[in-house]
Amino acid sequence: MYNSTVKYKGLLIATFIFFLLVNTVYFWEAKLGGYAFFSFFGMILFFIVLAVLLARQILFAAKEKFNDRKRLFTIAIVSFVLLLAIIFPAGLINFDQLEGYDVLVAGREGSANCTTTLKLKENNTVIEKRICFGITEVHGNYQIKNDTIYFEAVKADRDGNEFYSFAVIEPSLFFPNQNRFDIVRYKSINDTTGDILLIAKNELQMHQNK
């Protein structure tokens with residue numbers, strides 16, 4: 001009985017740790033940088049191990065004709081947590097929405113499926129997330145003056161790259177005949193190239209008129 005109880009506790013503790021990791025991924029994933037790629041596979045492996053242990057517990061329960069209440073309780077908890085991970089792989093709480101409503105969302109997909117996503121929040125917060133063999137995320141603020149978006153207090157990323165100084169919205173270079181727009185970001189007034197992101201959502205005007 002003692003060994004059985006210890007095994008149940010170990011599985012329940014591992015399940016609880018997995019639940020915490022899934023539901024706090026928003027806070028720790030970006031801090032890993034290039035190691036986030038390995039953490040993704042680590043979480044998948046964690047899930048598989050728990051699933052295998054769950055299947056083992058179900059087999060034991062069947063042999064016992066489902067008479068062990070502690071085992072049945074353990075099976076129910078592990079099953080519930082794994083099901084939640086399948087339905088809500090990013091966690092139960094959308095922490096991104098808690099940071100503010102998105103008034104502008106833009107992005108770009110590059111080579112090797114690398115992606116850049118820029119979000120401007122209604123509370124004048126700017127968040128950029130880059131996923132490319134790792135995750136880089138930077139936060140700061142923005143202000144709009146006339147037709148220009150100025151970025152403020154945005155820290156350099158983990159590679160030491162400074163963020164853009166300002167941005168403007170222009171008719172899309174990628175879809176010129178589809179009434180779509182890009183946000184073009186510039187490092188300085190001497191930057192003649194700019195960094196182009198295709199706008200997926202733009203409610204800036206509505207936000208300014210409130």
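Miscellaneous remarks
- Candidates ASN179, ASN23, ASN113, ranked by Gaussian network fluctuation over the chain, Cα under 10 Å, top entry: ASN179
- Springs join every pair of Cα atoms under 10 Å in this Gaussian network model of the chain, and among ASN67, ASN124, ASN146 the largest mean-square fluctuation is at ASN146.
- Positive-end extreme of charge dipole, the chain - chosen from VAL52, ASN124, LEU92 (charges on Cβ): VAL52
- Dimensionless Rg ratio for region 9-106, taking C-alpha atoms and the 2.2 N^0.38 Å reference: 1.33
- Over region 103-210 - Rg/Rh using Cα atoms and the Kirkwood inverse-distance radius: 0.95
- Looking at region 70-149, none of the trypsin sites (Lys or Arg not before Pro) sits in a DSSP loop with at most 10 other Cβ atoms within 10 Å of its own Cβ.
- Over all projection directions, the Cα-based convex hull of region 89-166 averages an area of 6.1 nm².
- Chymotrypsin sites (Phe, Trp or Tyr not before Pro) lying in DSSP loop within region 6-88, provided at most 15 other Cβ fall within 10 Å: PHE66
- Carbon plus sulfur fraction of accessible area for the chain, probe 1.4 Å, in percent: 62 percent
- On a per residue basis, the chain carries 64 Å² of accessible surface, using protein heavy atoms and a 1.4 Å probe.
- For region 64-127 and region 12-51, distance of Cα centres in Å: 11 Å
- Accessible-area ranking of GLU122, GLU203, largest first, probe 1.4 Å: GLU122, GLU203
- Taking only the Cα atoms of the chain, the ratio Rg/Rh comes out at 1.15, with Rh defined as the Kirkwood radius.
- Pairs of Lys residues in region 57-210 that lie 8 or more places apart, or on two chains, and have C-alpha atoms under 22 angstrom apart add up to 21.
The values are calculated or read from the model by the stated rules, or taken from the named source; none is laboratory data. In this text, all values refer to a predicted model and were calculated from it rather than measured experimentally. FYI the Cβ positions are ideal-geometry reconstructions off the backbone, even for glycines, and counts take in every protein chain you see. Keep in mind that these areas ignore ligands, DNA and RNA; they rest on the heavy atoms of the full protein, side chains included. Shrake-Rupley method; radii C 1.70, N 1.55, O 1.52, S 1.80 Å.
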